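Step one of this worksheet: look at the structure below.
The values are calculated or read from the model by the stated rules, or taken from the named source; none is laboratory data. Keep in mind it's a predicted model, so treat the numbers as computed, not measured. Methodologically, a virtual Cβ is constructed for each residue, glycine included, from the backbone with ideal geometry; neighbour enumeration extends over all protein chains shown.
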């Protein structure tokens, strides 16, 4: 679990608006949001904790001023170069092209092509899992997880999707983090059963500092997901 005392406090409807466009990049986030967690992981992995200010927003009691900062009023949103932009996968690319630090996207054309394919697939995987959790087809879930297992076998120079840790792992990590315990709790389904590559991926992911620094109380994460996504 993230050490709350080392992180900025969550801003709610009673909180004052931070100063905008003062030259300090800001990541508007929510500690329990999987989409926002993607960008938080990337920020940490690139070593930008001191360069980009983390501004956590309460999803249940959003500050009214947040709509002025980012009209869709969703997280994540990045304030940089006098503009505010959103969409988690787009922001992974933005961080990689506008900030220093370890690369999230490879130079190898074959790996880059596969990265685009798998990042596009992340939404399909999420949809199949949510559908099954809501009573839909188990077959679609199994097919999605099997595709991930197969994808993890494509490159043999490491345990991650592209061999080495990349934006693709970041795209999937927050969702697997929530889906694994939720599927076990609600459906008694073990996602790693018969999927050794996925089991190893989860194990190795939990050694990546940039990811570890974003881990929240799992009960709070699954409770938030059940309420906001599954309506439970």
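So that you can scan it fast, the table gives a plain yes or no per residue for (1) in contact with a strand residue (DSSP E or B) (Cβ under 9 Å, 6 or more places away or on another chain); (2) more than 21 Å from residue 216 (Cα to Cα); (3) free of Cβ contacts under 8 Å to residues at least 12 places away in the same chain; (4) in the same structural domain as residue 130 (by TED's automatic domain parsing):
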| site | (1), (2), (3), (4) |
| --- | --- |
| 8 | yes, no, no, no |
| 20 | yes, yes, no, no |
| 26 | yes, no, no, no |
| 30 | yes, no, no, no |
| 51 | no, yes, no, no |
| 58 | yes, no, no, no |
| 64 | no, yes, no, no |
| 82 | no, yes, no, no |
| 90 | no, yes, yes, no |
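With the condition being closer than 19 Å to residue 103 by Cα and touching a helix residue (DSSP H, G or I) at 6+ places or on another chain (Cβ under 7 Å), I'd like the helices (runs of 4 or more DSSP H) fully within the range 147-232 carrying at least 1 qualifying residues.
Filter on the range 147-232 gives 167-187, 196-205, 209-212.
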Problem set entry | Yes/no for residue 216 being surrounded by 15 or more Cβ atoms within 10 Å (Cβ to Cβ), in contact (Cβ under 8 Å) with a residue 12 or more places away in the chain and touching a strand residue (DSSP E or B) at 6+ places or on another chain (Cβ under 8 Å) | no
Problem set entry | Answer residue from the range 115-156, given it is in contact with a strand residue (DSSP E or B) (Cβ under 9 Å, 6 or more places away or on another chain) and either under 24 Å from residue 43 (Cβ atoms) or touching a residue at least 60 places away in the same chain (Cβ under 8 Å) (or both) and is surrounded by the most Cβ atoms within 10 Å (Cβ to Cβ) among those | 118
Exercise. Which residue out of 54, 59 is under 19 Å from the mean Cα position of the chain (by Cα), surrounded by fewer than 22 Cβ atoms within 10 Å (Cβ to Cβ) and at pLDDT 95 or above?
Worked result: 54
